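Before any comments, here is the structure.
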Amino acid sequence: MSKPKVFITRQIPQAGLDLLQDQVELEIWMQNEPPPYTILLEKVQNIDGLLCLLTDKIDQQLITNAPHLKVISQMAVGYDNIDLNFATNKGIPVGNTPGVLTEATADLTWALLMAITRRITEGQEYIKQGKWTTWQPMGLLGADFVGATLGIIGMGRIGQAVARRAKGFNLNILYTNRRRLTLNLEQELGVNYVTLEQLLKEADFISLHTPLTEETYHLISTKELKQMKKTAFLINTARGGIIDQNALLSALKEGEIAGAGLDVTEPEPLPKDHELLTLNNVIITPHIGSASYKTRSQMAIIAAQNLLVGLQGLPLPYCVNSAVYNNH
Ligand code: GLV
């Protein structure tokens, strides 16, 4: 019997490929950049399984162009690049890789928070520009942590991991979420449930951890930025589209808020001459929340497992549209 045909839209860690190599007929897009959409349209025509990334647009046209497709396995936890409703209507399960990237993403959230509040990159620039001529009693002062308030918007796995890390900093933690956590979990994490408005008004540091959906698109725009303290910092390691970036740019320029640490932007990649990159009170990293060795290997393994199981027509270990199984 011939092996199922699989297309992988980029090179992924070997641990994932090892699982696939003998099981499927594999084609891997070897270039550094994602396959252009028109090429992807061609590539999917004869495949049974697709292993894709958040940089690939998996829309109606693409899915329609893949009549044999049995499974879409995304190597990421977020899947806003995929038309999930359409895949579900077509009976195609979509897999993602939750859990394994929680800690790495929470780590990066803290890295950005510490870096922007304590002006790490600004400090390095200062040295490079030859300005470090003496120790300055008033130079490069930053925010204090002890007694400050951290506001977490979206209290899923990653939001909770961010809260856990806050313990050692003696912060007050507020959170808002679609659903309130159990009291036990609130107590364990040391967090207080509030409305978005209260969180925006009271937090010194705000971190976003919601998926990008119709409800969260531009959740943080002009009105919300105005509600924040002028001394507050905004961190985003979730998805760029959750923030209205033009509104953020104005708020940062006008001093409506103190600064921002962004691992995600709109668009991605952010053009190198984007005005946000000219501001001192912004740190931007190129969507590297899950970019640790172990995490990316684990993501590749889960993506490969989802793919293999999906090719066999069995329920995926991590499926984001389990409604596909209700119709059968
Ligand atoms: C990364 O952003 C992911 O969704 O895994």
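The values are calculated or read from the model by the stated rules, or taken from the named source; none is laboratory data. Since this is a predicted model, take the numbers as computed values, not measurements. Backbone-built Cβ (ideal geometry, glycine too); neighbour counts: all protein chains shown. Protein only, heavy atoms only, side chains kept; ligands, DNA and RNA dropped before computing areas. Shrake-Rupley method; radii C 1.70, N 1.55, O 1.52, S 1.80 Å.
Projecting the alpha carbon convex hull of segment 102-284 along each direction and taking the average yields 10.8 nm². Compared with the dominant Cα axis of the chain, that is its longest principal axis, helix 157-166 is turned about 30°. Residue ranking by accessible heavy-atom surface, 1.4 Å probe, largest first, among E202, E224 comes out as E202, E224. For the residue pairs K167/K223; K128/K272; K43/K70, the alpha carbons lie more than 25 Å apart in K167/K223. Here's how it looks for I284: its modeled amide H is under 5 Å from those of L262, which are all 5 or more places away or on a different chain. Spacing of the modelled spin labels on N246 and Q11, each 7 Å from Cα toward Cβ, amounts to 4.0 nm.
Available extension along the chain between D59 and K131 is 20.8 nm, counting 0.36 nm per residue and deducting the alpha carbon span.
Using only Cα atoms and rounding to the nearest 10 degrees, what angle (0 to 90) does helix 102-117 make with the longest principal axis of the chain? It works out to around 30 degrees. Work out the FRET efficiency for V194 and A323 from their Cβ-Cβ distance, taking R0 = 56 Å, and round it to the nearest 0.05. The pair V194/A323 has a calculated efficiency of 0.95.
Taking the empirical scaling 2.2 N^0.38 Å for compact globular proteins as reference, the chain has a Cα radius of gyration ratio of 1.09. Just add up the charged neighbours of G139: K/R +1, D/E -1, any other residue whose Cβ is under 14 Å from the Cβ of G139. Overall, the nearby charge balance is +1. Every helix of 4 or more DSSP H residues in the chain counts as -39500 (n - 2.57), and over all residues that averages to -9500 deg cm²/dmol at 222 nm. Between L141 and L314, the contour length at 0.36 nm per residue exceeds the Cα-Cα span by 56.6 nm. Of the trypsin sites (Lys or Arg not before Pro) in segment 157-199, the ones in a loop by DSSP (not H, G, I, E or B) with at most 12 other beta carbons within 10 Å are R178, R179, R180.
Report the extension gain between T222 and D80 in nm, rounded to one decimal, defined as 0.36 nm multiplied by the number of residues separating them, less their alpha carbon distance.
Details: separation 142, 0.36 × 142 = 51.12 nm, distance 2.35 nm.
Gain on extension, T222 to D80, equals 48.8 nm.
In a simple Cβ point-charge model (Lys, Arg +1; Asp, Glu -1; nothing else charged), the chain has a dipole of about 540 debye relative to its Cα centre. The portion of the accessible surface of the chain made up by carbon and sulfur, rounded to a whole percent, is 51 (1.4 Å probe; DNA, RNA and ligands excluded). Taking Lys and Arg as +1 and Asp and Glu as -1, the other residues whose beta-carbon sits under 11 Å from that of R10 total -2.
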